[in-house]
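The values are calculated or read from the model by the stated rules, or taken from the named source; none is laboratory data. Being a predicted model, the structure only gives us computed values, none of them experimental. Every residue, glycine among them, receives a Cβ derived from its backbone with ideal geometry; neighbour counts consider all protein chains shown. Please note that ligands, DNA and RNA were not included when accessible areas were found on the heavy atoms of the full protein model with its side chains. Shrake-Rupley method; radii C 1.70, N 1.55, O 1.52, S 1.80 Å.
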Amino acid sequence: MESLEAQRAALEASEISSVELVTEALARSEDSGKDLGAVIGLRAEAALAEAAESDARRRGGDSRSPLEGAPVLLKDNMVMQGEPTTCASRILEPFVSPYDGAAAERLQAAGAIILGRANMDEFAMGATTENSIFGPAHNPWDPARTCGGSSGGSAAAVAAGITGFALGSDTGGSIRQPASFCGVVGMKPTYGRVSRWGLVAFASSLDQIGPFTHTAREAAWVLEAIGGHDPRDSTSLPEALPSLEPALTGDVAGLTIGLPKEYFVDDGADPAVISAVRQGVDTLERAGAKVVEVTLPHTPYVVSTYYLVATAEASSNLARYDGARYGRRAEGVEDLDAMYRRSRSEGFGAEVKRRILLGTYVLSAGYFDAYYRKAQQVRTLVRGDFEQAFERCDVIAGPTYPEVAFPIGAKLDDPVSLYLGDIYTVSANLAGLPGISLPCGEIDGLPVGMQLLGRALDEATLLRVADAFQRLTDHHERRPPGA
Amino acid sequence: MTANPLERYEVVIGLEVHTHLRTESKLFSPAPVRYGDAPNHDVHPIDLAMPGVLPVLNERVIDLAIRLGLATHSTVNTRSVFSRKNYFYPDLPKGYQISQYEEPVVSDGWIEIEVPASGEAGKGKKGKKKGDSATSVKRIGVTRAHLEEDAGKSIHDVAVTGADGTHIDLNRAGVPLLEIVSEPDLRSAAEAGAYLRSLRSILRYIEVSDADMEKGQFRCDANVSLRLHGSSEFGTRTEIKNLNSFANVEGAIGAEILRQSEILDDGGEIQQATMAYDVDRRRTRVLRLKENADDYRYFDDPDLIPLLIDEARIQAVRAELPELPEEKLERFREQYNLAAEATQILVGSRSLADFFERCAEACGSAKAAANWIARDLRQELNERNLEVEDSALEAETLASLIRLVEEGRVTAKSARDLLPELVERGGDPEALIQERGLEAVSDTGLIDGWASQVIEANAAAVESVREGDDKPLNFLMGQVMKAAQGKANPAEVRKRLLEMIRGGD
């Protein structure tokens, strides 16, 4: 009963009620959710009351969407009126939102039951969910290993079957990489597809909300619920979201899959990862897709470009956490300067501080042109790479991450090696393109993720290919021990 | 050393004006723009910089920016970009101000100011002579105008807050502003004042801003430097911040000119600095030196898309643009041929000019309407601190009063006495005159009676008049009017006096 599709079927067949589903999910949250460090806050009473309303709607024939009655977790950077939003940061520990974010609003409008909040790297900065005041989240496949990040709590919760789906946010791979580590589907829609209203900003031009599920079909349902124009977000795309499920034909004949040669070089990803991804591509090729080699020549620059853009925006976005209006203020401060310095010094963790310093530096007079402006120029070139590649193919395939989940703590003292791991994921954020990671194999019992990247606004083709793959394989049906 | 620094130095002044836009809501949030509400009443989560909020541009400001661009002969840029100006201050909730930096919405324009024809001011390179001999017109360049949000207010006064420490009022945070930057074309404190008056008049004409200085809707920073006459290079400038009245602008600039000239006279160098004006001591003082200038780390705001304005929209705004002060001045001069001063006064405010035109048409005499409005009515309004549209007096009402005077049915004095009441409560002049018994007396019998008394009591003046001197006649008329308590028809009085003294003309 742990997948969204199974929950939907059972609810529609009246084999289970939403109240029962929510009750079970709450129990799992208290149990494995806490053990894994995936769930950091629950709204049990409200969720049960909303589940009862959902059951009443269903009895009345008023089901709102495929998500009706299904429990969901939100990464703890999406606000909801009257609920805490911490971003796993000391500085927002006491914060309760006075307003509803778009993600919460739209999920509720679709009938989903928001169960609570999932663990994350502080302010979505990190790739391991270790930078959290709640402690690290663990990988359900091997609790000694990282679940990835920054949306690690959401990925782990879905992998462990705590909820059937969850939302995360992806600034440089923060949905796709933990999905890859945890063996679930994680999707980053086109930039502007999902409203950022109520998503606590890390890097505004890169942030995008997306779903974690087991299947591409389920991801399509969630995206239909949360996507579409929102006038409260000026970067929200005006285009209406097309109906996605009809695109899932199971047929990939006539589609062309591009393999960027830069993603398949010898000194790149773990050969075992490359091999699993190649097998996945072969499966699609056998099903009728055409496979071609493409080139993304600016790939060597994407990680440094990303870290310049992301940290610059973050340094400005996080200036509001100053101890003046909400959140944590250091105690016993005597003047304004001390209030700022001490509130921020005590409130932010090491990785967040590192990025604020880096971002402040790249925007500073005398350095701006060499770093930030140059990064924007490279960003334009990266976009151009993809435009050219998509003239030759419909979807680009490759590894989501250079390796499988590594042990917790392994890279704690080596942030740069962690940054370099983002090489396959950050391009989609820099270019604003949709991307999806889906399980395509395993190495020593640990899941491997295959990433598909699509044209802007073309989530439909991305989901179509992913769904066709899942009809041909059973990687998505594997569950971690104990789930 | 001579006392007047202007004999040695040429003054170079550029002004930055911040003007609040006339909108219902804030620049990037739906919170209302109101003045005088309880602190932190007019705020939305966006204004508080709550986690996860996003700015959405208030569409209304676009047309206002276009209007300003057109009214200042500027380029309205079809693409402009919002940037973040980053700095920490408690009344700046986001830790950055959304402004426009490299690509402003309006650039490269000019406005005209009237300057005295003699002296430096008249020699402006773009200056051109016009109409009146007493003044000439000088063009002042407008470098740019950009949209930005205002900050909140920090209140340190225990008397206001009732408690120690600094308190923050965010009602003003996010209020839409246009920052209008002039070229360094101004050459005296008086020219700076004239520029500000002209700019304010334009802003009010085109209904872009109420530009009420007392409410902080119109604030000015002045950049001032000196150079030796004939030098083509600029001297080091200082910036005087937050000047909030015309008197302070001119006072501060005058004080800064003096301060800089004293330093230069002593062989010193001007240091680039931000200055404050001490109104009580009439002196400027250094707030901070620019050497440790803040680095605002400007970059394009990734939460907003570029502001694109198409030509059709600019044309639509142009079609609705009201007549501008300089155009109206020109037309008034040609159409009404009034005294220069009266024309200036009438055109100074769009509502006063409109009132004048309605009144002139209704009473049939532009000259009379101009005299009444520019002199008597304006005095009544000033005494009550009212704009003409706030008074109860309608243009048509004043016109009928003027007609009654012209027809000799009420004397000018009686009419003037009615004005305060009409300004405050309105009413029908004809009815009021009858009710109060203020009709002018044209009855020859009564006038002859008063005239006889006056002639008897002023033999010397009467003798002069009889010998052909008209001058004492006014005195005699005044005496008759006094005896008549101002109600005698002056034309009739004059006629009767002459008949009685000279035995008919």
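What helices (runs of 4 or more DSSP H), lying completely within region A:370-451, carry at least 1 residues that are within 14 Å of another protein chain (Cβ to nearest Cβ) and over 29 Å from residue A:215 (Cβ atoms)?
Numbers: elements: A:374-389, A:415-420, A:426-431.
Counting at least 1 such residues, we get A:374-389.
Please list, ordered by first then second residue, the pairs with beta carbon atoms under 8 Å, 6 or more apart or interchain, first in region B:39-56 and basic (Lys, Arg), second open to solvent by 30 Å² or more (accessible area, probe 1.4 Å) and assigned to a loop (DSSP other than H, G, I, E, B).
none
Quick check on residue A:416: is it at negative phi, out of contact with any helix residue (DSSP H, G or I) (no Cβ under 9 Å at 6 or more places or on another chain) and among the β-branched types (Val, Ile, Thr)?
Working: at negative phi: yes; out of contact with any helix residue (DSSP H, G or I) (no Cβ under 9 Å at 6 or more places or on another chain): yes; among the β-branched types (Val, Ile, Thr): yes.
When the stated conditions are applied, residue A:416 passes them.
If you go through region A:88-100, how many residues are open to solvent by 10 Å² or more (accessible area, probe 1.4 Å) and farther than 16 Å from residue A:326 by Cβ? Break it down stepwise before answering.
Kept after step one, since they are open to solvent by 10 Å² or more (accessible area, probe 1.4 Å), are these residues of region A:88-100: A:90, A:93-94, A:96, A:98-100.
Still in the list and also farther than 16 Å from residue A:326 by Cβ: A:100.
Selection size over region A:88-100: 1.
Which residues, counting only those in region A:14-43, are of a type in the set (Gly, Ala, Ser) and either within 17 Å of residue A:111 (Cβ to Cβ) or touching a residue at least 24 places away in the same chain (Cβ under 8 Å) (or both)? Explain how you work it out, then say what you get.
If we filter region A:14-43 for residues that are of a type in the set (Gly, Ala, Ser), which is where we start, we get A:14, A:17-18, A:25, A:27, A:29, A:32-33, A:37-38, A:41.
Selection gives A:14, A:17, A:18, A:25, A:29, A:32, A:33, A:37, A:38, A:41.
For region A:225-245, name all the residues that are in contact (Cβ under 8 Å) with a residue 24 or more places away in the chain and over 28 Å from residue B:30 (Cα atoms).
Passing the criteria: A:242, A:244, A:245.
Wholly within region B:144-184, which strands (runs of 3 or more DSSP E) include no fewer than the required count, namely at least 3 residues that are more than 17 Å from residue B:221 (Cβ to Cβ)? Step through it out loud before you land on a result.
Numbers: elements: B:153-155, B:167-169, B:176-182.
By residue number, B:153-155, B:167-169.
When region A:246-289 is examined, which residues are found to be more than 21 Å from residue A:448 (Cβ to Cβ) and touching a residue at least 40 places away in the same chain (Cβ under 8 Å)? So that I can check it myself, show each step before the final result.
Quick first cut of region A:246-289, residues more than 21 Å from residue A:448 (Cβ to Cβ) only: A:246-251, A:253-256, A:288.
Across region A:246-289, the qualifying residues are A:247, A:248, A:249, A:250, A:251, A:255, A:256.
Being more than 9 Å from every other protein chain (Cβ to nearest Cβ) and farther than 17 Å from residue B:177 by Cβ is the filter here, so list the residues in region B:75-102 that pass it.
The answer is B:75, B:76, B:77, B:78, B:79, B:102.
If the Cβ limit is 8 Å and pairs must be 6+ apart or interchain, which residue in region A:364-378 that is of a type in the set (D, E, K, R) pairs with which residue that is modelled with pLDDT of 95 or more?
Matching pairs, first to second residue: A:374/A:308.
So, in region A:328-339, exactly how many residues are more than 8 Å from chain B (Cβ to nearest Cβ) and either buried (at least 16 other Cβ atoms within 10 Å of the Cβ) or in contact with a strand residue (DSSP E or B) (Cβ under 6 Å, 6 or more places away or on another chain) (or both)?
4
Rundown of residues vs (1) under 30 Å from residue A:413 (Cβ atoms); (2) among the basic types (Lys, Arg); (3) touching a Ser or Thr at 6+ places or on another chain (Cβ under 7 Å); (4) open to solvent by 10 Å² or more (accessible area, probe 1.4 Å), yes/no style:
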position: A:55; (1), (2), (3), (4): no, no, yes, yes
position: A:66; (1), (2), (3), (4): no, no, no, yes
position: A:75; (1), (2), (3), (4): yes, yes, yes, no
position: A:86; (1), (2), (3), (4): yes, no, no, no
position: A:102; (1), (2), (3), (4): no, no, yes, no
position: A:111; (1), (2), (3), (4): no, no, yes, no
position: A:123; (1), (2), (3), (4): yes, no, yes, no
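Across region B:336-366, which residue is farthest from the chain's Cα centre (by Cα) among those that are open to solvent by less than 40 Å² (accessible area, probe 1.4 Å) and polar (S, T, N, Q)?
In this case the residue turns out to be B:365.
If residue A:231 satisfies all but one of (1) within 14 Å of another protein chain (Cβ to nearest Cβ); (2) over 15 Å from the mean Cα position of the chain (by Cα); (3) crowded, with 19+ Cβ neighbours inside 10 Å, what's the number of the condition it fails?
Looking at each condition in turn, residue A:231 falls short on (3).
Please specify each residue of region B:376-429 satisfying the condition of being surrounded by fewer than 18 Cβ atoms within 10 Å (Cβ to Cβ), in a loop (DSSP other than H, G, I, E, B) and not polar (S, T, N, Q).
B:386, B:387, B:392, B:394, B:407, B:408, B:426, B:427, B:428
Is one or more of the residues making up region A:456-466 open to solvent by less than 40 Å² (accessible area, probe 1.4 Å), closer than 30 Å to residue A:37 by Cβ, among the polar types (S, T, N, Q) and in contact with a strand residue (DSSP E or B) (Cβ under 9 Å, 6 or more places away or on another chain)?
Taking region A:456-466 as the starting set, the residues that turn out to be open to solvent by less than 40 Å² (accessible area, probe 1.4 Å) are A:458-463, A:465-466.
Cutting the leftovers down to closer than 30 Å to residue A:37 by Cβ gives us A:466.
Those left that are additionally among the polar types (S, T, N, Q): none.
No, the conditions are met nowhere in region A:456-466.
Output yes when any residue across region B:294-310 is among the basic types (Lys, Arg), outside any strand (DSSP E or B) and either surrounded by 14 or more Cβ atoms within 10 Å (Cβ to Cβ) or within 14 Å of chain A (Cβ to nearest Cβ) (or both), and no when none is. Before the answer, list the steps.
Here is the first cut: in region B:294-310, the ones among the basic types (Lys, Arg) are B:297.
Checking the rest, the ones that are also outside any strand (DSSP E or B) come to B:297.
Then keep just the ones that are either surrounded by 14 or more Cβ atoms within 10 Å (Cβ to Cβ) or within 14 Å of chain A (Cβ to nearest Cβ) (or both); that gives B:297.
Among the residues of region B:294-310, at least one is among the basic types (Lys, Arg), outside any strand (DSSP E or B) and either surrounded by 14 or more Cβ atoms within 10 Å (Cβ to Cβ) or within 14 Å of chain A (Cβ to nearest Cβ) (or both), which makes the answer yes.
Counting only residues that are open to solvent by less than 20 Å² (accessible area, probe 1.4 Å) and assigned to a helix (DSSP H, G or I), which one in region A:279-302 is nearest to the other protein chains (Cβ to nearest Cβ)?
So the residue we want is A:302.
Could you tell me whether any residue of region B:465-476 is outside any helix (DSSP H, G or I), modelled with pLDDT of 85 or more and within 38 Å of the chain's Cα centre (by Cα)?
no
Quick one: count up the residues across region A:340-350 that are closer than 20 Å to residue A:125 by Cβ, surrounded by fewer than 21 Cβ atoms within 10 Å (Cβ to Cβ) and either of a type in the set (D, E, K, R) or in contact with a helix residue (DSSP H, G or I) (Cβ under 7 Å, 6 or more places away or on another chain) (or both).
So the answer is 2.
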